[in-house]
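One structure is given below, encoded as structure tokens.
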Amino acid sequence: MNENLYLNKTLIKSSKITLIKIRKDLYMSKLNKKQILNSIDYCNKEGIFFNLQTIYDSVPSGKCSGCGNCCMESVGTNLVEFLNIYNYLLERPKLKTYAFKKILDYYFNEYISKHSCPFKNSKNRCIIYDVRPLNCRIYGQWKKTDYEKNLQNILKENQYFLKFLKSEYNIILPKEVSNFKIDYCEKFIPEKSYLSKSQRLEFADRIFVLDTLILNSKTINIDYADRGIVEFFVESVTDISLANKIKLNRTEIILLNQNK
């Protein structure tokens, strides 16, 4: 089953739901598949994927227990990283179909129940490990004080979003979703020392430069905005505003039925 067929079945299941109005700032334009392929071709020809891998290779190594406890989110991803992962899956059709099914399941059920990253398989392993994003590579490299401070900021932002869902759509998320957080990893052992904030940002800045090259090439027309890896892939197969509407309506109806 390809990703478009699976998406169509998902939409059909939700077709009886009346679409609700969604805030304009949640709109994102649909990614054009032809532009994605043109951008991948550009990245290959200009050595951008090679440069991305060079950045990845410069990230300090460390010992990971492989518990998978951190693999529970749609991690923030740069455009060049999305294109790199998309290209990786294009070369592996069966894996691509498997991944898209899990991506769409994750996206449309995100507010209903907690799921692990769609790229983590049943054996607790990453199916795109070779091309995983920077955020995955440096997760264990955070100093605990930096991590806890960032986590508090995230939890604060989440509270604003929870209030928004309740006030605008009368949606109250289950506790397993609303209270979920990824605790600091005490098991990861860096090869030398943990990364400082400036060091982490330096890696991010180097990847941002690659994004800029792609955007300046005009091979893809996309607004530069914070996106998770799941949102990138959903946007590659459908209009994200429509997907958001269905997601919210589906959440509202399922949670309402669960609470009866």
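Quick note: the coordinates plus some simple rules give every number you see, no bench work behind them. What you see is a predicted model, and the numbers here were worked out from it, not measured in a lab. All Cβ positions, glycine included, derive from the backbone under ideal geometry; neighbour counts span all protein chains shown.
Using the Cβ of residue 139 as centre and a radius below 11 Å, the other residues enclosed give a net charge of +2, where K and R count +1 and D and E count -1. The HN-Hα couplings worked out from phi for the stretch 149-160 by the Karplus form 6.51 cos²θ - 1.76 cosθ + 1.60 (θ = phi - 60°) are 5, 5, 4, 4, 5, 5, 5, 5, 5, 4, 5, 4 Hz, whole numbers, x standing for Gly and Pro. Taking N as the residue count of the stretch 98-211, its C-alpha radius of gyration divided by 2.2 N^0.38 Å amounts to 1.25. In loop segments of the stretch 116-206 as defined by DSSP, the GluC sites (Glu not before Pro) with at most 10 further C-beta atoms inside 10 Å of their C-beta are 186, 191. So what's the gap between the Cα centers of the stretch 41-94 and the stretch 162-232, to the nearest angstrom? So the two Cα centres are separated by 14 Å.
Near residue 62, the amide H atoms lying under 5 Å from its own belong to 191; only residues 5 or more places off or on other chains count, and H is placed 1.01 Å from N.
What area, in nm² and to one decimal, does the C-alpha convex hull of the stretch 77-153 cast on average over all directions?
Details: hull surface 25.7 nm².
Its average projected convex-hull area is 6.4 nm².
Each residue of the stretch 56-69 was assigned a 3J(HN,Hα) from its phi angle through the Karplus expression (A = 6.51, B = -1.76, C = 1.60, θ = phi - 60°), giving 4, 5, 8, 5, x, 8, x, 9, 10, 6, x, 5, x, 5 Hz with x at Gly and Pro. Using a cut-off of 22 Å between Cα atoms, the listed pairs 63/102; 33/94; 149/187; 96/120; 45/102; 149/181 include 63/102; 45/102 as exceeding that distance.
The label-point distance for residue 179 and residue 259, in a model that sets each label 7 Å from Cα toward Cβ, rounds to 1.7 nm.
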